[in-house]
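Student: One structure, as structure tokens, below. Some questions next.
Throughout, read-outs are computed from the coordinates displayed, never taken from laboratory work. Predicted model only: the values in this text are computed from it and were never measured. Note that we place each Cβ from the backbone using ideal geometry, even for glycine, and neighbour counts take in every protein chain shown.
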Amino acid sequence: MPELPEVETIVRDLAGSVPGRGIQEVEVFHADLIEGETPAEFARALQGRRVGAVTRRAKNIVFDLGRGDRLLVNLGMTGRLLVPGRGDPAPTHLGVRMRLTRGRELLYADTRRFGRLWRVDEAGWRDFDGRLGVEPLSDRFTVEHLYEMTRKSRVAVKTWLMDQARVVGVGNIYASEALFRARVDPRRPASEVAREEVERIREAVREVLQEAIDFRGTTFLDYRDASGNRGEFYDRLRVYDRDGQPCTRCNRPLLRVVQANRSTFFCEECQR
Ligand SMILES: [Zn+2]
């Protein structure tokens, strides 16, 4: 599932090729990908609009359409948003095709179709934005803020970090990685994590997300950037998907446990 670094990589790719282009034609091949209106309404509303900035909020890609309107895309498990170069083969499982001005196409493909595309007006956007937690790479993600918020919750700190209403963009991979770097046991209740540990978690979250962006994200199977290339961060993972392998710090075998139906990877020796 794409997390913050993967979505950020796609956004940066799209920001170089999409803004300023008009949407000439929209074709929807799978109606279930469009939320809140019929594919025909969706297509009619987008055709003729001009795309402004492309940005990210949490794990969502946000296309500014002007007049407060926005097109939002969530990639779900296996979604891909692509601007193919000339001569690139068409992706499989194509869900939506947008023909843009000056000879480009913006394609949405999705094997399992848990992703979605939807439009919001200014009020819809403010409502959506307001329900999401703090961006971990923003200045608002302070030690004070994180410490305050964690005091109120007995939820395991790893599960806590993945709650999008608290902190956005951190999913299963980067929560495990950040807690390893911070040397904090993922099973501990959030409210019992000490202030200096909260400081380490904040640093580790920002560090691992930034490094993963630098390596254009983590690809297991499905994730691709907007040109169809794999992310390179997989080889840099220290605990995720590495249970049974030696810890990079102490050499003991890494463990896997299940928390809130998700796998957590950690070192029992290094993380206390
Ligand atoms: Zn270890």
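Student: Name the residue from Ile34, Pro19, Thr78 whose Cα lies farthest towards the positive end of the charge dipole of the range 4-130, charges +1 on Cβ of Lys and Arg and -1 on Cβ of Asp and Glu.
Tutor: With unit charges placed on the Cβ atoms, the residue in question is Pro19.
Student: I need Tyr234, Tyr223 ordered by Cβ neighbour count within 10 Å, fewest first.
Tutor: Ranking Tyr234, Tyr223 by Cβ neighbours within 10 Å, fewest first, gives Tyr234, Tyr223.
Student: Next question. For the chain, what does -39500 (n - 2.57) per DSSP helix run (n ≥ 4), summed and divided by total residues, give at 222 nm, in deg cm²/dmol to the nearest 500?
Tutor: -8000 deg cm²/dmol
Student: If you take the square roots of the eigenvalues of the alpha-carbon gyration tensor of the range 23-76 and sort them as a ≥ b ≥ c, do you get rounded (a/c under 1.5), prolate (a/b over b/c) or oblate?
Tutor: oblate
Student: Could you tell me what a quarter of the Cα convex hull surface of the range 1-159 works out to, in nm² with one decimal place?
Tutor: Across all orientations, the range 1-159 yields a mean hull projection of 10.6 nm².
Student: Any chance you could list the semi-axes, whole Å, largest first, of the equivalent ellipsoid that the Cα gyration tensor gives for the range 198-257, using √(5λ)?
Tutor: Calculated on Cα positions only, the semi-axes equal 23, 17, 9 Å.
Student: How big is the charge dipole of the chain about its Cα centre, in debye rounded to the nearest 20, if each Lys and Arg gets +1 on its Cβ and each Asp and Glu gets -1 on its Cβ?
Tutor: Around 80 debye, computed over the chain.
Student: Please report the Cα spread of the chain along all three principal axes, rounded to whole Å, starting with the longest.
Tutor: Taking the Cα atoms of the chain, the three principal extents are 57, 39, 29 Å.
Student: If you take the Cα atoms of the range 143-266, find Rg, then find the Kirkwood Rh from the mean of 1/r over all pairs, what is Rg/Rh?
Tutor: 0.97
Student: Next question. What is the distance in Å between the Cα centroid of the range 49-104 and that of the range 133-212?
Tutor: 30
Student: Quick check on the exposure proxy: order Ser138, Ser227, Ser176 from fewest to most C-beta atoms within 10 angstrom.
Tutor: Ser138, Ser227, Ser176
Student: So, one more: Tell me which GluC sites (Glu not before Pro) from the range 76-167 have a DSSP coil assignment and no more than 12 other beta carbons within 10 Å of their own.
Tutor: Within the range 76-167, no GluC sites (Glu not before Pro) qualify (loop, at most 12 other Cβ atoms within 10 Å).
Student: Picking from Gln259, Tyr174, Gln164, whose Cα lies most toward the positive end of the charge dipole for the range 143-266 (charges on Cβ: Lys, Arg +1; Asp, Glu -1)?
Tutor: Of the candidates, Gln259 comes out farthest on the positive side.
Student: Still on this structure, please answer the following. How big is the charge dipole of the range 143-266 about its Cα centre, in debye rounded to the nearest 20, if each Lys and Arg gets +1 on its Cβ and each Asp and Glu gets -1 on its Cβ?
Tutor: About 400 debye.
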